[in-house]
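Shown next, in structure tokens, is the structure this report addresses.
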């Protein structure tokens with residue numbers, strides 16, 4: 001994949017603030033997403049990873065315009081879709097789709113599988129060659145389901161099969177990019193592997209791009225070409241998968257990777273245990289948002305927010321005044337004095 005390829009999706013300064021009201025007065029805002037910059041190229045997968053509440057799902061919903069951004073811009077295939085109207089978005093969604101996290105809640109229990117998968121075609125008034133039913137059965141077969149299940153209802157399927165139905169619905173309009181919002185987190189481990197392998201095969205065969213949201217770092221490493229690490233509404237590190245997993249520079253990234261179980265060692269050796277709770281997005285810390293839990297934090301971190309830029313000749317972009325160096329299992333303790341165990 002050429003680095004010179006024009007981005008399919010380009011996000012700049014993307015923010016989403018949810019107002020907090022007391023009666024009729026707005027008393028503050030939850031800064032769920034607070035200034036994101038990233039690109040996704042054709043056929044590429046960008047993984048978004050971070051703790052719960054960091055803004056991953058809100059970001060994904062803004063990309064497909066299920067949520068209106070507060071500010072910033074979203075460019076898709078050279079078009080500004082940040083504040084598109086209903087007619088513009090209808091045409092857009094033929095190229096931009098989403099797979100939801102919960103396969104139980106994302107399917108209407110009153111509709112048959114055939115109607116669920118056919119809905120995007122009907123809404124966009126598309127009649128494929130051979131008819132809608134034939135196209136739906138082809139999609140069911142493409143995702144590993146029996147075409148004869150066309151008239152069954154969602155409650156007759158397992159969790160993994162329901163997620164396959166959601167994938168078939170997302171593929172109905174032949175999109176260029178799919179936002180996958182934790183598509184395997186509600187599934188058994190064995191079923192997770194099947195669904196991830198299915199998505200990889202579909203990406204190869206259909207030349208799809210993905211924004212893949214997940215908590216599981218092993219899934220991200222297996223599926224994604226590049227990784228963006230989010231913390232409290234901001235991207236703290238972004239780069240190629242190999243750079244992120246073998247030479248992480250941001251302390252938060254290093255702490256996340258240290259939590260991956262290693263069957264070759266016993267006990268918590270090498271584990272970085274972060275102290276304190278995640279700050280509230282209603283009133284995030286000044287300067288670096290991770291400083292309240294970082295073992296390297298200094299007064300400089302509280303007064304100046306670090307820019308997301310290349311540091312220490314690394315291949316990734318990092319938002320840290322004192323980036324880490326060396327292999328992933330060896331964190332450094334300087335220059336801050338916060339205790340690390």
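Assorted remarks:
- Hey, residue 70 closer than 22 Å to residue 235 by Cα, surrounded by 14 or more Cβ atoms within 10 Å (Cβ to Cβ) and touching a residue at least 40 places away in the same chain (Cβ under 8 Å) or not: yes
- Flag if residue 72 is under 23 Å from residue 219 (Cα atoms) and touching a strand residue (DSSP E or B) at 6+ places or on another chain (Cβ under 8 Å): no
- Single residue of the stretch 268-300 satisfying the filter (over 24 Å from the mean Cα position of the chain (by Cα) and not in a loop (DSSP other than H, G, I, E, B)) that is nearest to residue 53 (Cα to Cα): 292
- Residue 77 being surrounded by 14 or more Cβ atoms within 10 Å (Cβ to Cβ) and in the same structural domain as residue 10 (by TED's automatic domain parsing): yes
- In the set (1) surrounded by fewer than 19 Cβ atoms within 10 Å (Cβ to Cβ); (2) outside the structural domain of residue 180 (by TED's automatic domain parsing); (3) in contact (Cβ under 8 Å) with a residue 60 or more places away in the chain, the condition left unmet by residue 300 is number (3).
- Candidates are the residues of the stretch 186-199 that are at pLDDT 85 or above and under 16 Å from the mean Cα position of the chain (by Cα); the one that is nearest to residue 168 (Cα to Cα) is 199.
- Verdict on residue 223 being modelled with pLDDT of 90 or more, under 14 Å from the mean Cα position of the chain (by Cα) and either within 21 Å of residue 59 (Cα to Cα) or assigned by TED's automatic domain parsing to the domain that holds residue 183 (or both): yes
- Sole exception among (1) under 24 Å from residue 271 (Cα atoms); (2) outside any helix (DSSP H, G or I); (3) without any contact (Cβ under 8 Å) to a residue 60 or more places away in the chain for residue 242, by number: (2)
- Only one of the numbered conditions (1) surrounded by 20 or more Cβ atoms within 10 Å (Cβ to Cβ); (2) within 21 Å of the chain's Cα centre (by Cα); (3) not in a helix (DSSP H, G or I) is violated by residue 256, and that is (3).
- Residue ID - farthest from residue 56 (Cα to Cα), chosen from residues in the stretch 178-207 that are outside any strand (DSSP E or B) and touching a strand residue (DSSP E or B) at 6+ places or on another chain (Cβ under 6 Å): 183
The values are calculated or read from the model by the stated rules, or taken from the named source; none is laboratory data. None of these values were measured; they are calculated from a predicted model. Neighbour counts run over all protein chains shown; Cβ positions are idealised from the backbone, glycine included.
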